[in-house]
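Everything on this sheet refers to the single structure shown next.
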Amino acid sequence: MEAAAESGRIAVPAGTAKALRMAQGQRVRVVNSEGGQVVDSWAFRASDPTEHLSMAHSRSATYRIFFRVGDVLVTNRFRPVLRIAGDTSPGFHDTLHAACSAESNRYFGAPDPAPNCEDNLRTVLAEQGIHISAVPCPWNLYEHADVDAAGGLHDRPASAAAGDYVELECLMDLILVCSACPSRVGAISGAGRAPRGAEVVVL
Ligand SMILES: [Zn+2]
C-alpha cells in the first residue's frame, strides 16, 4: 500500500470530500466540526477496492440497522473493516439512505444538481487512481433517519454538536472517504442552513 496518512487534522470543506489511506490498526476521528452536519463515509480495501464497507453486510453482521460503539462493521465479503471505538454525538448514523447524486437531486427536484457526495467520492478516489463501477451505500455519519413501526423512514435534522466525533479503528489497510454532504433534501443537516464542513483527525 502507498504510505498511510500521518497523524494530524485534515479539513473537509463544506460540500467536498477527502480520501485518506489508513493502515490496519490506525485510528481516525470524523469530527462534526461545526455541528449539525451529515458526513457520508466509505471505506475501501486498499489492495482491492471492489471490497468495501457494506451497510447491508454490516446490518446482517451486527443484527442492527444503526450501529453502536463497539460494533465491528464488515465488507461486502464479510471481513471486519472498521470498529466503532468511540462516539461523542447523540449516536444517530444512518445506514439506509443512498448517497446524494446528480440523479437523486433531479429525482427529488432539488434546484442545484451539484456538488453531491457521489461525484465527490468518484473524484477523490480517481485522485488515488481508483475507478469504481458502482457506488456503495455510504455510512451516513450524523444523519438522523428514524424508522417507524410501519417501516416508514423519516428524516430528522442532524443533532450532533460542534466538536462531536466518531472514532474508528481500521481493521485492514483501507481508503477512507468522508464527504461533508451538501444535500438539502430532507433538511438532514438542518432546515435552511448552508452545508458546513467537517474534519478528519488521524490519531
Ligand atoms: Zn450527500
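The values are calculated or read from the model by the stated rules, or taken from the named source; none is laboratory data. Worth saying up front: this structure is predicted, and the values here are computed from it rather than measured. So basically every Cβ, Gly included, is an ideal-geometry build from the backbone, and we count neighbours across all protein chains shown. What goes into the accessible areas is simple: the full protein's heavy atoms, side chains included, and nothing from ligands, DNA or RNA. Shrake-Rupley method; radii C 1.70, N 1.55, O 1.52, S 1.80 Å.
On the basis of the beta-carbon distance and an R0 of 41 Å, GLN24 and LEU96 show a calculated FRET efficiency of 0.90. When the trypsin sites (Lys or Arg not before Pro) in the stretch 73-176 are filtered for DSSP coil states and for at most 16 other beta-carbon atoms within 10 Å of their beta-carbon, the remaining sites are ARG77.
Just the protein heavy atoms count here, and of the accessible area of the stretch 8-202 at 1.4 Å, carbon and sulfur take up 52 percent. Mean residue ellipticity, 222 nm, helices only, the chain: the sum of -39500 (n - 2.57) across DSSP H runs of n ≥ 4, divided by residue count and rounded to 500, is -3500 deg cm²/dmol.
Modelled this way, with points 7 Å down the Cα-to-C-beta line, the labels at ASP48 and VAL185 are 3.3 nm from one another. The listed residues TYR165, TYR107, TYR142, once ranked by accessible area (1.4 Å probe) with the largest placed first, stand as TYR107, TYR165, TYR142. Phi-derived couplings, Karplus 6.51 cos²θ - 1.76 cosθ + 1.60 at θ = phi - 60°, listed residue by residue for the stretch 126-134: 4, 5, 9, x, 10, 10, 10, 8, 9 Hz, with x used for Gly and Pro. Full extension of the chain between PHE108 and PHE78 gives 7.5 nm of extra length, using 0.36 nm per residue less the Cα-Cα distance. Taking every protein chain into account, the 1.4 Å probe leaves SER159 with about 60 Å² of accessible area, to the nearest ten. Split the chain at each of the GluC sites (Glu not before Pro) in a DSSP loop with at most 13 other beta carbon atoms within 10 Å, and the longest piece is 7-203.
Quick check: the distance between the Cα centres of the stretch 1-54 and the stretch 113-168, to the nearest angstrom? If we compute the Cα centre of each part, the gap is 12 Å. Look at the Cα gyration tensor of the stretch 8-202: its axes a ≥ b ≥ c give a/c under 1.5, and that counts as rounded.
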